[in-house]
Amino acid sequence: MTTEVRVPTLGESVTEATVATWFKKPGDAVAVDEMLCELETDKVTVEVPSPIAGTLADIVAAEGETVGVDALLANIAEGDSAAAPAKAAKAPAKAEDTPKSANDDAAETDVMVPTLGESVSEATVSNWFKKEGDTVAQDEMLCELETDKVSVEVPAPVAGVLTKISAAEGATVQANGKLGVISGSGGTTAPAPKSVEVPAPSASTGRDVEDAPSAKKAMAEAGLSRDQVTGSGRDGRVMKDDVARAVSAASAPPPAASAPTPRAPVAASDTEREERVKMTRLRQTIAKRLKESQNTAAMLTTYNEVDMTEVMALRNEYKDLFLKKHGVKLGFMSFFTKACIHALNEVPEVNAEIDGTDVVYKNFVHMGIAAGTPTGLVVPVIRDADAMSFAGIEKAIAEMGAKARDGKLSMAEMQGGTFTISNGGVYGSLMSSPILNPPQSGILGMHKIQDRPMAIKGQVVIRPMMYLALSYDHRIVDGKGAVTFLVRVKEALEDPRRLLMDL
């Protein structure tokens, strides 16, 4: 006999949700009220518990699917779960009575550091999502590693019990190093009764429940520990909204304490008011590379300004048609990318690099687009941007930007750039000097668009102006080449028709 698992009531005016995560797979034993999956709506995350004890027979709505209220999610076969724990708990009276085999309870599997990417030899263990003694399912996320540029999730290679953590949080591990050990499922150390028993919610049991994956990621991005967040989910489980509230509470100024009797303030020492936090590997790498850039390159910056009137007019005229045809918004970045490519063709040394005593000229443009993320600055690379259309560039920028925000950029997607564009204008910067991204020889800094009075044909008119900054390596790029490059970018943006006619 089977029992259906259906989408619960989602709330007033909410008619559908997306299946975010399944915590069980077909064939798994489940207990009454044990969490099966997680649904995400426009506003909240909803947990779906098991209505009965049994075995998950099948999953009808896979992860990523959109489901309506009362839609069928899965089916549970009754009665099988009771036998499974009992069978697992049954053990021979003596170890010598039962011969060892490949499927024996003592079988162990090492959890190893996965391939980290080209030229990456080590990583730091940033978070363990399981502790020693926890039961894990195959492919369930165990921990997260942080390399110089990306975060890497490590799944369980087999189902079983995490019997040992070899590399604690904060430890540095080498590529293919050992992280922990998983004993085969059904081992005597496995807390089999835990999957059947449903303890009453309490402060202590709340620490043993699995927090929402989206909440774990949000806590990692915000730099919050589990103890700093109060969970509102079942048995104290932390949800994504709980992390958002904790972040807001941390950033809000503390309420003024009422003091009925004025007293002389007791000054705390400076040390007591400080907070010391270890830099992430990404932040350490950013600091190291930027300082290397300053120490190695003969860096100089030249400035100009551009009248954005024509670009803005062209964008406003065609943005709706562009979106309808290509499915992506027409932004300013594609214009700047095209203008830089045009200028790089005329001044190729800005697109070159120094290798020892050689100058390596690139007959292609792999455009780096600097992007700020919660964990630091990254520079995804759009390969062969010089062969792309406006729509192709906009789609590539949107795709890379989404990956950067989600921390899902691969090492390959951040390597091989020949020139970089950095848009500080999105943060309100009016003027800045960008730092080179070695071994590149040039980087263009964009800034905010600001209405300013300009003298045009003897008349003072208001125009939307932007300051441009080109930082370049003076070892390979002369002042004349740098100024020429920036002037060509300015000319192309002030008269976008030049881009179409290659002028």
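Among residues other than residue 374 whose Cβ falls under 11 Å from its Cβ, what is the net charge (Lys/Arg +1, Asp/Glu -1)? The partial results should precede the final answer.
Details: positive: 217, 405; negative: 221, 406.
Combined, the nearby Lys, Arg, Asp and Glu give 0.
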Summing Lys, Arg as +1 and Asp, Glu as -1, what charge do residues with Cβ under 10 Å from the Cβ of residue 473 carry, residue 473 excluded? -1
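So, counting K/R as plus one and D/E as minus one, what does the shell of residues with Cβ under 14 Å around residue 360 add up to?
Values: positive: 362, 475; negative: 349, 353, 355, 358, 473.
Computed value for this residue: -3.
Which percent, to the nearest 5, of DSSP beta bridges fully inside the stretch 281-501 are antiparallel?
On the way: 29 of 36 bridges.
About 80 percent, rounded to the nearest 5.
Beta carbons within 10 angstrom, averaged per residue: use that to sort the peptides 467-479, 446-458, 17-29, highest first.
Working: 467-479: 19.8, 446-458: 13.2, 17-29: 17.3.
Packing order, densest peptide first, comes out as 467-479, 17-29, 446-458.
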Using 18 Å as the Cα-Cα cut-off, could you pick out the over-long pairs in 217/240; 178/216; 131/216? 178/216
A correct fewest-to-most ranking of 364, 129 by other Cβ atoms within 10 Å would be 364, 129
Highest average packing first - 347-353, 370-376, Cβ atoms within 10 Å: 347-353, 370-376
Long-range amide H partners of residue 143 with built H, under 5 Å: 129, 154
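Starting from the coordinates of the alpha-carbon atoms of the stretch 283-429, obtain the Kirkwood hydrodynamic radius over all distinct pairs and give the value in Å to one decimal.
Values: mean 1/r = 0.0591 Å⁻¹.
For the stretch 283-429, the Kirkwood estimate is 16.9 Å.
Step by step: find N for the stretch 389-477, compute 2.2 N^0.38 Å, then divide the Cα radius of gyration by it. What's the final number?
On the way: Rg = 16.7 Å, N = 89, 2.2 N^0.38 = 12.1 Å.
Working it through for the stretch 389-477, the quotient is 1.38.
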Taking amide H atoms as placed 1.01 Å from N in the peptide plane, list the residues 5 or more away in sequence, or in a different chain, whose amide H sits under 5 Å from that of residue 299. 474
For residue 447, enumerate residues with amide H under 5 Å from its amide H, sequence gap 5+ or separate chain, H modeled in the peptide plane. 425, 467
Do you know the relative contact order of the stretch 281-501, to the nearest whole percent, from alpha carbon pairs under 8 angstrom that are 6+ apart? 31 percent
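Taken together, the values in this text are just the output of simple stated rules run on the coordinates, not laboratory data. Model, not experiment: these values are computed from the prediction. Cβ coordinates were reconstructed from backbone atoms using ideal geometry, including for glycine residues, and neighbour counts include every protein chain displayed.
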